[in-house]
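Accompanying notes for the structure given below.
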Amino acid sequence: MSLTPSGRSRSASLAVNWLSTNPESATVLATARQLMAIEQNLKRQLPSAFASACRAARLDQHCLTLAVPSAGFAAKLRQMAPRLIADLNAAGWNITELAVKVQAGNPVSVTQKRVRDIEPLGQTSLAAFRKLLETTPPGPLADAINRLLKHHGG
């Protein structure tokens with residue numbers, strides 16, 4: 001598969017070019033681009049777990065429909081709806097309503113792993129844990145500190 005300078009495969013570029021020149025499908029392409037732009041805007045506003053699971057599914061007049069993989073995501077997004085609508089409107093989208101639909105077959109629910117933000121411990125922290133280990137009596141706490149030091153290369 002050869003890639004174009006933008007990183008897309010040649011067949012994907014051909015498909016996009018065909019969609020943009022074909023009058024019947026040009027609206028499909030415009031709608032897809034619009035939904036992708038809304039999704040990108042949402043990704044900046046949502047926590048990472050929600051951003052990766054939430055898809056902009058439909059924009060009908062002033063109502064945006066989001067697709068999520070579970071009822072838990074749906075409930076939380078419904079709580080966040082007023083802030084999301086305000087943020088989208090501030091970004092230039094004229095949205096007055098947010099609908100959330102559960103799509104159980106959404107592959108994100110199966111394949112997406114939550115990405116954790118892990119910051120390695122610095123030398124000062126490791127030294128403090130070493131000193132703590134020296135003064136901690138044997139037991140579960142000492143074992144946990146020892147595992148932490150081994151995990152972080154201390």
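The values are calculated or read from the model by the stated rules, or taken from the named source; none is laboratory data. Not measured: the values here are computed from a predicted model. Positions of Cβ are backbone-derived with ideal geometry, glycine not excepted, and every protein chain shown enters the neighbour counts.
See the values below:
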| item | result |
| --- | --- |
| Any pair with Cβ under 7 angstrom, 6 or more apart, that starts in the stretch 27-47 at a residue that is modelled with pLDDT of 80 or more and ends at one that is charged (D, E, K, R) and surrounded by 15 or more Cβ atoms within 10 Å (Cβ to Cβ) | Glu39/Arg55; Gln45/Asp87 |
| Among the candidates Asp60, Asp87, residue that is of a type in the set (Asp, Glu) and closer than 21 Å to Val28 by Cα | Asp60 |
| Qualifying residue in the stretch 86-102 (condition: over 17 Å from the mean Cα position of the chain (by Cα), in contact (Cβ under 8 Å) with a residue 40 or more places away in the chain, closer than 12 Å to Ile38 by Cα and outside any helix (DSSP H, G or I)) | yes |
| Residue count, the stretch 48-57 (criterion: over 22 Å from Ala30 (Cα atoms) and in contact (Cβ under 8 Å) with a residue 40 or more places away in the chain) | 4 |
| Some residue of the stretch 58-74 being without any contact (Cβ under 8 Å) to a residue 60 or more places away in the chain, within 28 Å of Asn17 (Cα to Cα) and among the basic types (Lys, Arg) | yes |
| Any pair with Cβ under 6 angstrom, 6 or more apart, that starts in the stretch 139-152 at a residue that is closer than 15 Å to Ala128 by Cα and touching a residue at least 24 places away in the same chain (Cβ under 8 Å) and ends at one that is of a type outside the set (Asp, Glu) and surrounded by 12 or more Cβ atoms within 10 Å (Cβ to Cβ) | His152/Leu121 |
| Those residues of the stretch 63-84 which are among the small types (Gly, Ala, Ser) and either part of a strand (DSSP E or B) or under 23 Å from Ala30 (Cα atoms) (or both), in sequence order | Ala67 |
| Yes/no for Gly72 being within 11 Å of Ile38 (Cα to Cα) and exposed (fewer than 13 other Cβ atoms within 10 Å of the Cβ) | no |
| Boolean, Leu66 is surrounded by 14 or more Cβ atoms within 10 Å (Cβ to Cβ), touching a Cys at 6+ places or on another chain (Cβ under 7 Å) and at pLDDT 85 or above | yes |
| Residue selected from the stretch 96-154 under the condition surrounded by 10 or more Cβ atoms within 10 Å (Cβ to Cβ) and touching a Gly at 6+ places or on another chain (Cβ under 9 Å), by the criterion modelled with the lowest pLDDT | Leu121 |
